[in-house]
Amino acid sequence: MNNQSRLFSALTSQVGRKVLTGITGVLLVLYLIAHISGNLSLLGNDPTAFNKYGAFLHGFGKLFYLVEIGLGVTILLHAYIGITIWMRKRAARKQGYAVHGSKGAPSKQSISSRTMIITGTVMLVFITVHVLQFRFGPGEAEGYVQTLSDGTKIHDLRRITVETFSHIGWVVFYVGAVLLLGFHLRHGIWSMLQSLGAMKPRASGTIYALAFILAIILAAAFIFLPIWIHFQGGAA
(Lines give C-alpha, C1' and ligand atoms only; values in the text may rest on other atoms or scores of the structure.)
Protein backbone atom coordinates (compact mmCIF):
# COMPACT_ATOMS: atom_id res chain seq x y z
CA MET A 1 0.00 0.00 0.00
CA ASN A 2 1.52 3.36 -1.03
CA ASN A 3 1.42 6.54 1.04
CA GLN A 4 -1.57 7.96 -0.83
CA SER A 5 -3.56 4.78 -0.22
CA ARG A 6 -2.68 4.85 3.48
CA LEU A 7 -3.78 8.47 3.77
CA PHE A 8 -7.03 7.77 1.92
CA SER A 9 -7.70 4.79 4.18
CA ALA A 10 -7.02 6.90 7.26
CA LEU A 11 -9.36 9.63 6.07
CA THR A 12 -12.20 7.25 5.25
CA SER A 13 -12.05 4.64 8.02
CA GLN A 14 -13.63 5.36 11.39
CA VAL A 15 -10.54 4.36 13.36
CA GLY A 16 -8.23 6.29 11.04
CA ARG A 17 -10.28 9.46 11.34
CA LYS A 18 -10.33 9.22 15.12
CA VAL A 19 -6.57 8.75 15.29
CA LEU A 20 -5.89 11.63 12.89
CA THR A 21 -8.29 13.83 14.86
CA GLY A 22 -6.36 12.99 18.02
CA ILE A 23 -2.94 13.61 16.49
CA THR A 24 -3.90 16.91 14.87
CA GLY A 25 -5.67 17.94 18.07
CA VAL A 26 -2.56 17.33 20.17
CA LEU A 27 -0.42 19.33 17.73
CA LEU A 28 -2.86 22.24 17.77
CA VAL A 29 -3.10 22.32 21.58
CA LEU A 30 0.72 22.34 21.79
CA TYR A 31 0.75 25.19 19.29
CA LEU A 32 -1.77 27.16 21.39
CA ILE A 33 0.43 26.74 24.46
CA ALA A 34 3.51 27.92 22.55
CA HIS A 35 1.56 30.77 20.95
CA ILE A 36 0.21 32.20 24.19
CA SER A 37 3.65 31.80 25.82
CA GLY A 38 5.13 34.05 23.16
CA ASN A 39 2.23 36.51 23.27
CA LEU A 40 2.66 37.01 27.00
CA SER A 41 5.87 38.92 26.22
CA LEU A 42 3.49 41.80 25.47
CA LEU A 43 2.91 42.14 29.21
CA GLY A 44 6.53 42.88 30.11
CA ASN A 45 8.18 46.26 30.57
CA ASP A 46 10.39 45.80 27.52
CA PRO A 47 8.59 47.39 24.52
CA THR A 48 10.85 45.45 22.15
CA ALA A 49 10.28 41.97 23.64
CA PHE A 50 7.32 40.95 21.48
CA ASN A 51 8.92 42.19 18.27
CA LYS A 52 12.17 40.42 19.15
CA TYR A 53 10.17 37.24 19.66
CA GLY A 54 8.68 37.61 16.18
CA ALA A 55 12.08 38.36 14.68
CA PHE A 56 13.52 35.31 16.44
CA LEU A 57 10.92 33.04 14.84
CA HIS A 58 11.46 34.52 11.39
CA GLY A 59 15.19 34.06 11.90
CA PHE A 60 14.74 30.33 11.29
CA GLY A 61 14.14 31.17 7.62
CA LYS A 62 12.84 28.31 5.49
CA LEU A 63 12.24 26.13 8.55
CA PHE A 64 9.84 28.74 9.92
CA TYR A 65 7.86 28.75 6.67
CA LEU A 66 7.77 24.95 6.61
CA VAL A 67 6.35 24.96 10.14
CA GLU A 68 3.75 27.53 9.06
CA ILE A 69 2.72 25.36 6.12
CA GLY A 70 2.59 22.31 8.38
CA LEU A 71 0.43 24.18 10.86
CA GLY A 72 -1.93 25.26 8.08
CA VAL A 73 -2.23 21.70 6.79
CA THR A 74 -2.84 20.44 10.34
CA ILE A 75 -5.66 22.95 10.88
CA LEU A 76 -7.33 22.13 7.56
CA LEU A 77 -6.98 18.36 8.10
CA HIS A 78 -8.41 18.64 11.62
CA ALA A 79 -11.32 20.71 10.31
CA TYR A 80 -11.96 18.38 7.36
CA ILE A 81 -12.08 15.28 9.54
CA GLY A 82 -14.28 17.00 12.11
CA ILE A 83 -16.75 18.13 9.44
CA THR A 84 -16.93 14.70 7.79
CA ILE A 85 -17.48 12.99 11.15
CA TRP A 86 -20.29 15.44 11.94
CA MET A 87 -21.89 14.96 8.51
CA ARG A 88 -21.86 11.17 8.86
CA LYS A 89 -23.35 11.33 12.34
CA ARG A 90 -26.02 13.74 11.14
CA ALA A 91 -26.86 11.51 8.19
CA ALA A 92 -27.22 8.53 10.56
CA ARG A 93 -29.79 10.34 12.68
CA LYS A 94 -33.40 10.43 11.63
CA GLN A 95 -34.16 13.72 13.30
CA GLY A 96 -30.82 15.51 13.22
CA TYR A 97 -29.89 17.16 16.51
CA ALA A 98 -32.36 16.09 19.17
CA VAL A 99 -32.60 17.80 22.51
CA HIS A 100 -31.19 15.55 25.19
CA GLY A 101 -29.71 15.77 28.64
CA SER A 102 -26.05 15.73 29.48
CA LYS A 103 -24.53 12.28 29.79
CA GLY A 104 -21.73 11.01 31.96
CA ALA A 105 -18.93 8.61 31.07
CA PRO A 106 -18.00 7.26 28.64
CA SER A 107 -19.55 9.66 26.14
CA LYS A 108 -19.02 12.86 28.19
CA GLN A 109 -21.75 14.57 26.19
CA SER A 110 -22.26 18.21 27.14
CA ILE A 111 -22.92 21.56 25.52
CA SER A 112 -19.25 21.58 24.52
CA SER A 113 -19.42 18.19 22.80
CA ARG A 114 -22.73 18.93 21.05
CA THR A 115 -21.51 22.26 19.65
CA MET A 116 -18.08 21.13 18.40
CA ILE A 117 -19.07 21.69 14.75
CA ILE A 118 -20.29 25.21 15.54
CA THR A 119 -17.31 26.27 17.63
CA GLY A 120 -14.94 24.62 15.16
CA THR A 121 -16.45 26.51 12.24
CA VAL A 122 -16.20 29.79 14.11
CA MET A 123 -12.55 28.97 14.83
CA LEU A 124 -11.86 28.60 11.11
CA VAL A 125 -13.30 32.06 10.47
CA PHE A 126 -11.42 33.49 13.43
CA ILE A 127 -8.10 31.97 12.36
CA THR A 128 -8.53 33.39 8.85
CA VAL A 129 -9.16 36.89 10.20
CA HIS A 130 -6.32 36.59 12.72
CA VAL A 131 -3.79 35.49 10.09
CA LEU A 132 -4.81 38.25 7.69
CA GLN A 133 -4.46 40.86 10.44
CA PHE A 134 -1.19 39.84 12.01
CA ARG A 135 0.67 37.50 9.63
CA PHE A 136 -0.19 39.30 6.40
CA GLY A 137 -1.02 42.69 7.85
CA PRO A 138 0.96 45.93 7.40
CA GLY A 139 4.71 45.51 7.27
CA GLU A 140 7.88 47.51 6.81
CA ALA A 141 6.62 49.06 3.57
CA GLU A 142 3.76 50.63 5.54
CA GLY A 143 6.11 51.94 8.22
CA TYR A 144 5.60 49.21 10.82
CA VAL A 145 9.26 48.98 11.75
CA GLN A 146 11.00 49.16 15.09
CA THR A 147 14.68 50.09 15.32
CA LEU A 148 16.61 48.39 18.10
CA SER A 149 19.46 49.98 20.07
CA ASP A 150 22.02 48.33 17.78
CA GLY A 151 20.36 49.75 14.69
CA THR A 152 18.63 46.50 13.65
CA LYS A 153 15.22 47.04 12.09
CA ILE A 154 12.47 44.51 12.86
CA HIS A 155 8.78 44.17 12.06
CA ASP A 156 6.70 46.15 14.58
CA LEU A 157 4.09 43.50 15.43
CA ARG A 158 3.50 45.14 18.79
CA ARG A 159 2.25 48.32 17.14
CA ILE A 160 -0.18 46.31 14.99
CA THR A 161 -1.44 44.53 18.10
CA VAL A 162 -1.90 47.73 20.12
CA GLU A 163 -3.66 49.49 17.24
CA THR A 164 -5.96 46.53 16.62
CA PHE A 165 -7.07 46.23 20.23
CA SER A 166 -7.46 49.97 20.67
CA HIS A 167 -10.82 49.40 18.93
CA ILE A 168 -13.42 47.91 21.25
CA GLY A 169 -15.05 46.09 18.32
CA TRP A 170 -11.96 43.96 17.77
CA VAL A 171 -11.67 43.30 21.50
CA VAL A 172 -15.26 42.02 21.58
CA PHE A 173 -14.67 39.92 18.47
CA TYR A 174 -11.54 38.28 19.87
CA VAL A 175 -12.99 37.72 23.34
CA GLY A 176 -16.12 36.14 21.86
CA ALA A 177 -14.10 33.88 19.57
CA VAL A 178 -11.80 32.77 22.38
CA LEU A 179 -14.77 31.97 24.62
CA LEU A 180 -15.96 29.58 21.92
CA LEU A 181 -12.40 28.24 21.66
CA GLY A 182 -12.62 27.42 25.36
CA PHE A 183 -15.82 25.45 24.77
CA HIS A 184 -14.16 23.64 21.87
CA LEU A 185 -11.10 22.77 23.95
CA ARG A 186 -13.14 21.62 26.93
CA HIS A 187 -14.39 18.57 25.08
CA GLY A 188 -11.70 18.45 22.42
CA ILE A 189 -8.72 17.86 24.72
CA TRP A 190 -10.43 14.94 26.44
CA SER A 191 -11.71 13.56 23.15
CA MET A 192 -8.31 13.64 21.42
CA LEU A 193 -6.70 11.69 24.27
CA GLN A 194 -9.51 9.16 24.15
CA SER A 195 -9.11 8.83 20.37
CA LEU A 196 -5.41 8.05 20.80
CA GLY A 197 -6.10 5.52 23.57
CA ALA A 198 -3.97 7.56 25.95
CA MET A 199 -6.15 7.02 29.00
CA LYS A 200 -7.47 4.15 31.04
CA PRO A 201 -11.27 4.02 31.58
CA ARG A 202 -10.95 4.65 35.31
CA ALA A 203 -8.81 7.74 34.66
CA SER A 204 -11.33 9.20 32.24
CA GLY A 205 -13.02 11.43 34.81
CA THR A 206 -9.75 12.84 36.09
CA ILE A 207 -8.45 13.58 32.60
CA TYR A 208 -11.77 15.18 31.65
CA ALA A 209 -11.43 17.50 34.66
CA LEU A 210 -7.80 18.33 33.78
CA ALA A 211 -8.82 19.01 30.18
CA PHE A 212 -11.47 21.39 31.50
CA ILE A 213 -8.88 23.21 33.62
CA LEU A 214 -6.41 23.49 30.70
CA ALA A 215 -9.18 24.83 28.45
CA ILE A 216 -10.02 27.50 31.04
CA ILE A 217 -6.36 28.51 31.46
CA LEU A 218 -5.76 28.84 27.72
CA ALA A 219 -9.01 30.68 27.07
CA ALA A 220 -8.47 33.02 30.03
CA ALA A 221 -4.94 33.88 28.88
CA PHE A 222 -6.03 34.63 25.32
CA ILE A 223 -8.99 36.67 26.59
CA PHE A 224 -6.91 38.68 29.05
CA LEU A 225 -4.43 39.99 26.46
CA PRO A 226 -6.77 42.03 24.20
CA ILE A 227 -8.63 43.44 27.22
CA TRP A 228 -5.39 44.40 28.97
CA ILE A 229 -3.94 45.97 25.83
CA HIS A 230 -7.15 47.89 25.16
CA PHE A 231 -7.19 49.54 28.58
CA GLN A 232 -3.41 50.02 28.72
CA GLY A 233 -3.40 51.66 25.29
CA GLY A 234 -0.13 52.80 23.77
CA ALA A 235 1.60 52.46 27.11
CA ALA A 236 1.02 48.65 27.13
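The values are calculated or read from the model by the stated rules, or taken from the named source; none is laboratory data. From a predicted model like this one, the values you see are computed outputs, not experimental measurements. With ideal geometry, Cβ positions are generated from the backbone for all residues, glycine too; neighbour counts draw on all protein chains shown.
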Query raised in the report: If you take the residues in segment 137-185 that are out of contact with any strand residue (DSSP E or B) (no Cβ under 6 Å at 6 or more places or on another chain), touching a residue at least 12 places away in the same chain (Cβ under 8 Å) and among the charged types (D, E, K, R), which one is farthest from I207 (Cα to Cα)?
Result: E140
Report summary line: Every listed condition ((1) at pLDDT below 95; (2) surrounded by fewer than 20 Cβ atoms within 10 Å (Cβ to Cβ); (3) farther than 19 Å from I75 by Cα; (4) not charged (D, E, K, R)) holds for L196 save (3)
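Listed here are the residues, each with its yes/no results for (1) modelled with pLDDT under 95; (2) more than 25 Å from L181 (Cα to Cα); (3) buried (at least 16 other Cβ atoms within 10 Å of the Cβ); (4) polar (S, T, N, Q).
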position	(1), (2), (3), (4)
A55	yes, yes, yes, no
G59	yes, yes, no, no
L66	no, yes, no, no
I69	no, no, no, no
A79	yes, no, yes, no
T84	yes, no, no, yes
M87	yes, no, no, no
A92	yes, yes, no, no
**Report entry** Residue list for segment 135-182, restricted to those being of a type in the set (A, V, I, L, M, F, W, C) and part of a strand (DSSP E or B)
**Finding:** V145, I154
**Report entry** All positions within segment 141-187 that are surrounded by fewer than 18 Cβ atoms within 10 Å (Cβ to Cβ), closer than 18 Å to P47 by Cα and charged (D, E, K, R)
**Finding:** D150, K153, E163
Query raised in the report: Are there any pairs with C-beta distances below 6 angstrom linking a residue in segment 23-52 that is over 26 Å from Y144 (Cα atoms) to a residue that is assigned to a helix (DSSP H, G or I) and not hydroxyl-bearing (S, T, Y), with the two at least 6 apart or on different chains, and if so which?
Result: T24/L77; T24/H78; G25/G188; G25/M192; V26/M192
Query raised in the report: Looking at segment 199-227, which of the residues that are of a type in the set (V, I, T) and modelled with pLDDT of 85 or more is surrounded by the most Cβ atoms within 10 Å (Cβ to Cβ)?
Result: I223
Requested in this report: Give me the pairs, please: first residue somewhere in segment 206-224 and in contact (Cβ under 8 Å) with a residue 24 or more places away in the chain and under 17 Å from V175 (Cα atoms), second residue anywhere and part of a helix (DSSP H, G or I) and among the aromatic types (F, W, Y), beta-carbon distance under 9 Å, and either six or more positions apart or on two chains.
Outcome: A215/F183; A219/F183; F222/Y174; I223/Y174
